[in-house]
Structure formats: structure tokens, C-alpha cells
Amino acid sequence: MRPPVILCAFSNSGDAYLSQLEKEKEAISDALRERQGKGHLLLDTDSRTSKKLRDRLLLYQPQVEIIHYAGHASGSQLLMEDATVYGAGLLQSIRLQKNLKLVFLNGCSTREQVVQLLDAGVRAVIATSVDIGDDTATRFAEDFYQKLASGHSIDEAFKLATEVVTAKNNAALTTTEDPDRGIARLIKAPNTGPVWGLYLHKNQQGAADHRLSDKSFYELHIKSQIDSKFNTSEDAILAALYNVLMTFSDELPMFEDLEKKYGEQWDPRKFDVREVKNAIINSLPSPIAEQVRKLLVTEDEPLASERLRFLINTYSVMADLLLFIMFSQLWEALVQGKVPVLEDHLKERVSAFFLLDHRDRQAYDVIPLIRIIHDKLKAHEVPLFVNEMSHLADLMDERESEFFGAYLNITGIKGKYKDLAALDELDDRDIQQDCQKAEASLCIIFKELGFCARYKFATIKNIYINKKKNQPAVYQHKMVKLDYVLVGFTDKMEDFENFTDSNSVVIYKIENKSLSAFNLYPFVIDMNALISEKLSKIYFFYNYDKSATAATCTYNFIKNINEKKDRLQIPALPNFLRTKTDLKISQEELETIGPEILESVEVFISYFKS
């Protein structure tokens, strides 16, 4: 199971600035900090725009338990920082939240939105019927969440929070019944209309009794000690990955499950951390898992230079993977005519990427290129296969955020070391400082990339049709699921109601027996699939070189992403093959498949010629 989410949106306005809004955010965070620290819930307070709010609702579906809005409001409108939002505009996203218990609209005169929310299935709504002061709204919210965090029910917390209002406004709490809206608890001052009301769905009267869970949904007893001794650095990565992946993956063992397994012998301080490490690695797409494995599974504490190499490689593979997904989606959109015209600046940026030599490619920052492709697809309303990419784009716009600072740190370190093989020859003190900085930055980045666990990788080798009498046809995929990297891959047959491309490496998700997949060829290739061998050997595109005698592409083997000896040159030149006695592929095989791979890369490049 995954932790429930309290999703908060704090939207301010430059024209009518709410000075207490930041205080309300801090107050709610303080009230729930202990609960979040114990793993009882996940608190998200970053949504300020309608786009980000929708993205977060999609991201956390169906974990959202409470939605809290604070900011300017008027009748049926919520004033987000990017747009004025009508309550009805969020209903579809809200309907998807099957575990939503409460919507708290802490703005002026939000009562008008209650009926729509209750009709959409929301169990309880807190809303206002009149304009409210900034200070009063903050105090009411602060007290409500303090009481909720201390174990009180929604109804009890609401009643207790009224003390804040009664002391200032001589208000009273009344209870009324409405055949359409169920029960309403109303805070009402003398000679005024009700200020706050707690409205309950007529079929969900028990919603008022809901309390925050006191179950720890993730709890890792690891102390992070990234220090100058450099002896426990993997703990920080382990804890960061565990905490974020608990939200997205069912692979990770719950502590309650471990307690049942070990019975009376269970001691959370002495559990076998290898179980958690295995589960983390198995939760991630294999190209990323291969790099994380080197960070988490080590026989001896690595040298600082070696660990820094692992950290840079992990970030580089994550970034390259996102780039290849965007390349593939842009290519498909171009072929299908969904993106009819490419601007010169986009052509120049993509062309420049394919002109990088080996040394510059190592230091190259692909994120700006990802962003410009993302914006192009969004401008033409092309749905993103990995829809969480929009969330990352929003984070990159927040230049003062922790995430953007971590991105600057890790890319700065990546650009500093253009030749990773030469790290061992550099000053050890500088390496250790950069290693600690990269470690901390990667932990922050991991917090926002947990969604990767929603997607899997597979090699599709062949596809067969299986049609039985009076039954619909199914498509048998001979595939290698690229997961469980610690125990190895296996070939297997799987049936789906639709089909994808053969001889391809795909990123996929399965929904209702339907395979939703996206082909990453020729940016990610499986050499074993191309030469009809068992299992898989995955390579990432590295660079394109037209300066040699003949044009070539270089690919990195994901298990040893920066080992020059494991790189693959396509088409293979004779002097390259003579140095690759361990490649287990013949000149004839490379001559057969090499031109096709090279041609595919060059076809993609041709779209970006001026």
C-alpha cells in the first residue's frame, strides 16, 4: 500500500497579496510534520497553478485523501496563479480520487462550489459563505490541522477549530440538515451569515468521523551520514529512494509485512536491508536500475572517485532516457503530421546534439533539449506518453526551488568531469566534496522521479497472432521483461489485445490487458534481439560521427555505461572489431544490422536540417 496524500494549493496574487498565505502553508506543514515523518501520510504543498494542481492529482491518483485550497476565491471561482478556475473545471480530476475524504476551500465565499463537489462524490467539504480575513483564515486552518494531526476526526477538528473563530467573532456552531446536501455544520456569528461550514455527502455521513491513519506506510531506520569520512554515503540514496518509491511501487516490502515474516524476532533496527535494496532496484526501469545497483550493492566502500562516477552515470542515464522518450515521441508526431513545422531554434538544438564528439557528449546537459521538445509537443496538444514530464517542466520553471538547485549542482559536476576515466588521477579532496554534493543533489532529484516506477522496459523480439474459433484474436509477444536486474532476464510469451513493434526496446505500462508501449529504437537497442540471441543486451545511443571515413554511431552498454571497451560502433569498422574480441558478435552480423540502425538515426536527423 502507498501513503495517503494531503494535497495543498496555495495561490497568491500580486494585485491583492495575501500576507498570511505563506504562514498558513508553514502552519499546516508544521502541524503534519511528525505525521509525515512517521510515514502516516505524504504532504504536498507545491501546487500554485491550476496546471500543477491537475498534474499532482494525476500523479498521486488514487492516494489523495485531502485537498486544501488557500487563496483568493469568489463564488464558483478559485483564483490560481495561472488562471481563474471554476470548480466544475476540476471535477473530472477529483472524481478519479477514489479515496478522497475532504476538500477544504479556505477562501472567500466558496459555499457555491459545495453542491458540485458533493455530486462528484466528495465525502466532505469545508467552505465559506462570506468573505473572510486573511489572519482569521490562517488561524482556522492552522488549528484544524493541528487537531487533525493529534488524532481527532474531521468533525471534531472542525468543531475545535471554531474556538479560534468564536474568540474573535462571538460565533456559534449550529447543525442543519438539507435533503440535497446531507448534514451541514455551520459557524455563524451574530447577525451574519455562516462563515465556515462542514458539508457532508448525504450517503457518506460517516465521513465526519474520518481520522488520519496512524499506520506507517514507509519507515526506513537508516541514518544518513554523508561526511568527510565518506563511509555511509549509500544510506542517503537508500532512504531517499525508499521513501519516494513507496508512493509509486508495490515491490517494496512494508515494515508490517516484515514484522509478520519475522514474528517475535522482528526488530526494525536490525532488519536485513538487502530486502529493501533488492525491492528498490526491482522497482525501477532496468537502465536506471543498473546504475542504482552500483550505488546500493557494493562489497566494499568504493573510492570517492568511483562513487562519483556512479552518481554521474545514474543521473546521465535518467536524463538520457527522458531525452530518448522525447525524441521518439517527437519523431512519431512528425510522421503522423501532428507537428507540421519545426522552428529553426529547435532544429539547431537537435542538430547540435548530433554533432557532439565523445568528450563533449559526456559533459552535455540534455535537460534544455528535453524541455524545448516537451514545449513543442504541448504546443501542438500531443499527449505525452510519460505525462509526468509536464510536472518536471514545471519544476524547472521554479528557479528558486530545491529541485532546480539540485539540477544545477549535478549538471555542474557532470560538466566539470568530461573524462570520467581520469577521475582517479584528480585531487581526492575535490572529488570527495563533489561526491557529497552530487549525493545530496541526486537524493533531491529522486524525490521527483519516483513516477519512473510506474513504467517498465521490455524487448519485443517477435509478435504472433493467436486466433481461436469464435474468440477474438490475441497478440502473442515474445518479449524479455527488463526487470529484476539482480536475478537476470528471461524470454517469455505474453498475450495482449493489441500489439506494438517487433525487434524493439519499449517503455510500457499495462492497463486492462492492453499493452500501452512506446518504441525507443534506434536510441535504445537490444543487440541480442537484433541478432536473434536469447535474453537481452541493451545499448543507449551515445553519439553520431560523420567526420570519420564513414558515418558511425556509438552506443553505450547500460551495464557499463562509460566503459569505452564496452561501447558498440555501428556500422563496425574493421579496426573497431579487431579490438572487440569479447563482443560475441560477428562482422557479418554487424554488417547486416548496422546499416539499418545507422539509417534510422540519419532519418531522424534529417528532420532537423535547415
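For this structure, a couple of remarks:
- Test: residue in the stretch 428-447 that is open to solvent by 10 Å² or more (accessible area, probe 1.4 Å) and in a loop (DSSP other than H, G, I, E, B): no
- Residues of the stretch 241-293 classified as at pLDDT below 65, part of a loop (DSSP other than H, G, I, E, B) and open to solvent by 20 Å² or more (accessible area, probe 1.4 Å), total: 8
- Index of the failed condition, Ala529 passing every other in (1) at pLDDT below 75; (2) crowded, with 22+ Cβ neighbours inside 10 Å; (3) within 22 Å of Asn278 (Cα to Cα): (3)
- Selected residue (criterion: farthest from Lys478 (Cα to Cα)) from residues of the stretch 514-541 that are part of a strand (DSSP E or B) and of a type in the set (Phe, Trp, Tyr): Phe541
- Close Cβ contacts (under 7 Å, 6 or more residues apart or on different chains) running from residues in the stretch 231-245 that are under 13 Å from Val276 (Cβ atoms) to residues that are modelled with pLDDT under 75 and aromatic (Phe, Trp, Tyr) comprise Tyr242/Tyr218; Asn243/Tyr218.
- Subset of the stretch 365-380 [open to solvent by 40 Å² or more (accessible area, probe 1.4 Å) and either without any contact (Cβ under 8 Å) to a residue 12 or more places away in the chain or within 19 Å of Ser606 (Cβ to Cβ) (or both)]: Ala379
- For first residues located in the stretch 547-564 and within 18 Å of Asp419 (Cα to Cα) and among the hydroxyl-bearing types (Ser, Thr, Tyr), partners that are modelled with pLDDT of 80 or more and open to solvent by 50 Å² or more (accessible area, probe 1.4 Å) and lie 6+ apart or on another chain with Cβ distances below 9 Å form the pairs Thr554/His358.
- First in the stretch 447-471 and farther than 23 Å from Val506 by Cβ, second anywhere and assigned to a strand (DSSP E or B), Cβ under 9 Å, 6 or more apart: Lys467/Val474; Lys468/Val474
- Any strands (runs of 3 or more DSSP E) falling wholly within the stretch 34-118 and containing at least 1 residues that are open to solvent by 10 Å² or more (accessible area, probe 1.4 Å) and of a type in the set (Asp, Glu): 42-47, 64-71
- One residue from Val350, Val341, Val386 being open to solvent by less than 50 Å² (accessible area, probe 1.4 Å), on the phi < 0 side of the Ramachandran plot and in a loop (DSSP other than H, G, I, E, B): Val386
- The C-beta contact set for the stretch 57-79 (first residue closer than 17 Å to Glu22 by Cα, second residue of a type in the set (S, T, N, Q) and open to solvent by 20 Å² or more (accessible area, probe 1.4 Å), distance under 6 angstrom, 6+ apart or interchain) comprises His72/Ser13.
- Within the stretch 70-90, tally of residues that are closer than 14 Å to Val125 by Cβ and over 23 Å from the mean Cα position of the chain (by Cα): 4
- Taken over the stretch 375-406, the criterion of being of a type in the set (D, E, K, R) and under 17 Å from the mean Cα position of the chain (by Cα) is satisfied by Glu388, Asp394, Asp397, Glu398, Glu402.
The values are calculated or read from the model by the stated rules, or taken from the named source; none is laboratory data. Everything numeric in this text was worked out from a predicted model, so none of it was measured. Don't worry about glycine lacking a Cβ; one is built from the backbone with ideal geometry, like all the others, and counts go over all protein chains shown. What goes into the accessible areas is simple: the full protein's heavy atoms, side chains included, and nothing from ligands, DNA or RNA. Shrake-Rupley method; radii C 1.70, N 1.55, O 1.52, S 1.80 Å.
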